[in-house]
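The values are calculated or read from the model by the stated rules, or taken from the named source; none is laboratory data. The structure presented is a predicted model; accordingly, all values stated were derived computationally and were not measured. Cβ sites come from the backbone with ideal geometry, for glycine too, and all protein chains shown count toward neighbours.
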Amino acid sequence: MSKVRDLVGRGVRLVEPTGLADGSSERLVEILPQAFDAKLADAPASKLAAEIMDFGEVYREARIEPPPHGYGIDKVESMLNHPRLVAHRPEQRSAAVLAALEAAGVEFTDVLRDAVLRDHAIERFALAKEAEMQAERLRAEEAVIRARQELDTFVTEKRAEVDRLRREIKEAEARFAELQERRRVEERRILEVSDHLSDGPTSIPEESASLGSPVVLRPQGA
């Protein structure tokens with residue numbers, strides 16, 4: 001329950017001036033909730049944003065109009081804050097406003113009804129925005145779950161790809177090491193054959209290699 005309805009939900013005890021405007025003569029009047037209870041007209045979902053700063057737009061959207069005589073909450077507020085009253089004590093200000101309402105033939109229940117309607121409008125607006133927030137949070141939470149699942153899948157796939165690439169690197173290194181071993185075996189084979197065809201080692205002297213001199217291979221014993 002809102003603070004307004006909590007305040008007036010059990011009724012209102014109104015101290016009315018019966019004599020002087022300063023409230024020197026008063027009487028206690030009890031107003032039951034049934035006298036000012038009111039319901040809002042049905043309305044479509046609010047199109048206003050939750051960030052709205054002026055609740056006047058909420059009241060207009062709820063089709064709340066001041067009482068025909070014009071004395072609603074806004075009017076009473078301006079009366080209480082009138083420069084001639086702001087210096088007086090709260091009870092004196094209230095007595096003066098009530099006297100003015102009585103002089104204007106305004107029932108205080110009209111003011112209370114305006115307050116209750118506005119309170120209903122604010123609550124309905126807040127509940128609608130809460131529902132929107134909950135729906136948005138649900139959508140966001142579902143999106144987070146999907147994103148995490150996609151992230152987990154992506155990480156799993158990339159880890160598998162990294163493992164595959166590492167295996168390929170090891171396999172390539174192994175193939176190259178095997179090639180090197182075959183190359184050494186082949187070089188030894190060629191060297192052994194060359195040794196049988198030459199008088200000495202088949203290694204080329206450094207000086208001859210640098211001059212480009214041909215190497216003569218002769219059969220052994222020739």
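Please go through segment 35-83 and pick out each residue that is of a type in the set (A, V, I, L, M, F, W, C) and under 26 Å from the mean Cα position of the chain (by Cα).
45, 48, 49, 50, 52, 53, 55, 58
Does segment 77-99 include one or more residues that are closer than 24 Å to residue 48 by Cβ, surrounded by fewer than 18 Cβ atoms within 10 Å (Cβ to Cβ) and at pLDDT 85 or above?
Scanning segment 77-99 turns up at least one residue that is closer than 24 Å to residue 48 by Cβ, surrounded by fewer than 18 Cβ atoms within 10 Å (Cβ to Cβ) and at pLDDT 85 or above.
Given the criteria in a helix (DSSP H, G or I), at pLDDT below 90, aliphatic (A, V, I, L, M) and under 30 Å from residue 44 (Cβ atoms), does residue 135 qualify?
no
Table: residues versus (1) under 14 Å from residue 121 (Cβ atoms); (2) surrounded by 10 or more Cβ atoms within 10 Å (Cβ to Cβ); (3) at pLDDT below 90; (4) in contact with a Ser or Thr (Cβ under 9 Å, 6 or more places away or on another chain).
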| site | (1), (2), (3), (4) |
| --- | --- |
| 23 | no, yes, yes, yes |
| 27 | no, yes, yes, yes |
| 32 | no, yes, yes, no |
| 36 | no, yes, yes, yes |
| 39 | yes, no, yes, no |
| 43 | yes, yes, yes, no |
| 55 | yes, yes, no, no |
| 65 | yes, yes, yes, no |
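List, please: which pairs have Cβ atoms under 7 Å, are six or more places apart or on different chains, and start with a residue in segment 82-110 that is touching a residue at least 60 places away in the same chain (Cβ under 8 Å) and more than 15 Å from residue 69 (Cα to Cα) and end with one that is small (Gly, Ala, Ser) and crowded, with 18+ Cβ neighbours inside 10 Å?
91/23; 92/23; 95/23
Residues to consider are 104, 147, 115; find the one that is touching a helix residue (DSSP H, G or I) at 6+ places or on another chain (Cβ under 7 Å) and surrounded by 10 or more Cβ atoms within 10 Å (Cβ to Cβ).
115
Considering only segment 41-82, state which residues are under 22 Å from residue 106 (Cα atoms), assigned to a loop (DSSP other than H, G, I, E, B) and not hydroxyl-bearing (Ser, Thr, Tyr).
If the condition is that a residue be under 22 Å from residue 106 (Cα atoms), assigned to a loop (DSSP other than H, G, I, E, B) and not hydroxyl-bearing (Ser, Thr, Tyr), then 63, 64, 65, 66, 67, 68, 69, 70, 72, 81, 82 are the ones that fit.
Could you check how many residues of segment 118-144 are of a type in the set (Val, Ile, Thr) and either closer than 19 Å to residue 61 by Cβ or touching a helix residue (DSSP H, G or I) at 6+ places or on another chain (Cβ under 8 Å) (or both)?
The number of residues fulfilling the criteria is 1.
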